[in-house]
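For reference, the structure is listed below as structure tokens.
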Amino acid sequence: MNKLNTEKYYNDTFPKTIDILNSSPKYDSKTKEEKINLIKQLLDEKDAKIVAHYYTHEDLQEVAELTGGNVSDSLEMARFGANQASKTLIVAGVRFMGETAKILSPDKKILMPTLEAECSLDLNCPASELKKFSDKYPEREIVVYANTSAEVKAMADWVVTSSIAVKLIEYLKKENIKVIWAPDKHLGNYINEKTNADMKLWNASCIVHEEFKAKALMNLKEKNKDAAVLVHPESPAEVVELADVVGSTSQLIKACKDLPHKKMIVATDNRIFYKMQKAAPEKTLIEAPTGGKGATCISCAHCPWMAMNNLDNLIETLIEEKNEIHIKEEIRKKAFVSTNRMIEFAKTL
Ligand code: SF4
């Protein structure tokens, strides 16, 4: 930690200096407005922008918007970061999102409020295991979801996000290309159902979407007959079947705005409500149920890793320029090819 810098920023901004910085949680006695003002000042001084995912706390989404940053899904986060002139990007989300930013922008400094924020899909798809699996099918192209490590992206032919996954697999099918799909089994099954493509699926899932329960959702629908059901395709098939709209986070926000229904039952991370409500302030948003028989409710509709990002660790990261993402250049270059293919493919849609 650069103590001098820390004290400088702290003294300039907060009167009681180092005692508060060293307390836990840090900056707790400061108002949200004071924290946001400090963040604005630090972003200017460090020539930095914030890129935040829809699933992060609304304070982070708000500060990203207020400071000319970006709040979006994985694909848009990647695009925005790559098109930014700023020297530093602060990626508020989970680790693979920071890595994706580094893959596409090697000359930028990529920092994250925490490096502890993982993803169950990434954790359950180690590169060594995927290699063993893909070695059994050398004739197939490897398509991986963006929720994977840089090593896995480096092995892949294609990277894809949920917003364009169906389109990409349709395209590969037309080209008679057989596919290995990793890691999300629910999204893989959903795409397979839609395209009838030849796909071998990896077996991992998102701990947040896995929790949504079909029976409880049916009951909720019954009580709210006028509501539309919006479902992210990382959810189990029986939940997807009950949806009026299935789509990526950006597609669900658009559906919330465009559909005539006054009420929405939403099966994805509940932090998306911040942007949904902004897009359609007059609508009532209802969380899809994660309870029901057999539910463990690890996540209760909110990703515990996304929840690790907050204004305090964002301030610390900016002051200390810590939690930097590093990727071996040899891995990064390979991962760039498959990730950039996604960006280029998206341009054709
Ligand atoms: S919500 Fe699911 S897919 Fe997204 S980061 Fe959390 S665990 Fe991963």
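Every read-out reported here was derived from the displayed coordinates using simple, explicitly stated rules and does not represent laboratory data. Remember, predicted model here, so these are calculated numbers, not experimental data. Here the Cβ positions follow ideal geometry from the backbone for every residue, glycine too, while neighbour counts run over all protein chains shown.
Sort largest first and round to whole Å: the equivalent ellipsoid semi-axes of the stretch 74-230, each the square root of five times a Cα gyration tensor eigenvalue. Walk me through the numbers on the way to the answer.
On the way: eigenvalues 147, 111, 48 Å².
Equivalent-ellipsoid dimensions as semi-axes: 27, 24, 15 Å.
Return a whole-number percent for the relative contact order of the chain, with Cα pairs under 8 Å and 6 or more residues apart as the contact set. Write out the running numbers ahead of the final one.
Values: 673 pairs, mean separation 74.9, N = 349.
With pairs under 8 Å counted, the relative contact order is 21 percent.
Taking N as the number of residues in the stretch 217-348, what value does Rg over Cα atoms divided by 2.2 N^0.38 Å take?
Numbers: Rg = 18.7 Å, N = 132, 2.2 N^0.38 = 14.1 Å.
Dividing the Cα Rg of the stretch 217-348 by 2.2 N^0.38 Å gives 1.33.
Report the relative contact order of the stretch 191-274, percent, no decimals, based on alpha-carbon pairs under 8 angstrom and at least 6 residues apart.
Values: 97 pairs, mean separation 25.1, N = 84.
After rounding, I find 30 percent.
Given labels modelled 7 Å from the Cα in the Cβ direction, how far is it in nm from C300 to D198?
4.7
Quick one: of K153/K322; K278/K334; K46/K262; K136/K221; K35/K221; K167/K262, which pairs are farther than 32 Å apart, Cα to Cα? Please report the intermediate quantities before stating the final value.
Working: K153/K322 25 Å; K278/K334 39 Å; K46/K262 43 Å; K136/K221 44 Å; K35/K221 41 Å; K167/K262 30 Å.
As for pairs spanning more than 32 Å Cα to Cα, those are K278/K334; K46/K262; K136/K221; K35/K221.
In a shell of Cβ-Cβ distance under 10 Å around H53, excluding H53 itself, what net charge do Lys and Arg (+1) and Asp and Glu (-1) give?
Numbers: positive: R271; negative: D73, E76, D269.
Residues close to H53 contribute a combined charge of -2.
Over the Cα atoms of the stretch 118-205, what radius of gyration and what Dmax do you get, in Å?
11.6, 35
Could you list log10 I(q)/I(0) for the stretch 209-287 at q = 0.15, 0.17 Å⁻¹, which the Debye formula gives when each Cα is one point scatterer?
Taking Cα atoms of the stretch 209-287 as identical point scatterers yields -0.43, -0.55.
Separation of the stretch 170-247 and the stretch 86-149 by C-alpha centroid, Å?
Spelled out, the Cα-based centre of one part sits 22 Å from the other.
If you count, for each residue, the other Cβ atoms within 10 Å and average over each peptide, how do 197-210, 220-233 line up from highest to lowest?
The densest-packed peptide leads the list: 197-210, 220-233.
Mind listing the long-range amide H neighbours of F212? Cut-off is under 5 Å, sequence gap 5 or more, other chains count too, H placed in the peptide plane at 1.01 Å from N.
none
Could you work out [θ]222 nm for the chain from helices alone, using -39500 (n - 2.57) per DSSP H run of at least four and dividing by all its residues? Round to the nearest 500 deg cm²/dmol.
Numbers: 17 runs with 159 residues, N = 349.
Theoretical 222 nm ellipticity from helices: -13000 deg cm²/dmol.
P(r) for the chain: what percent of alpha-carbon pairs falls in each 20 Å bin, starting at zero?
30, 56, 14, 0
Report the residue, chosen from D269, D59, D184, that carries the largest GNM mean-square fluctuation when the chain is represented by alpha-carbon nodes joined by springs under 10 Å.
Residue with maximal mean-square fluctuation among D269, D59, D184: D59.
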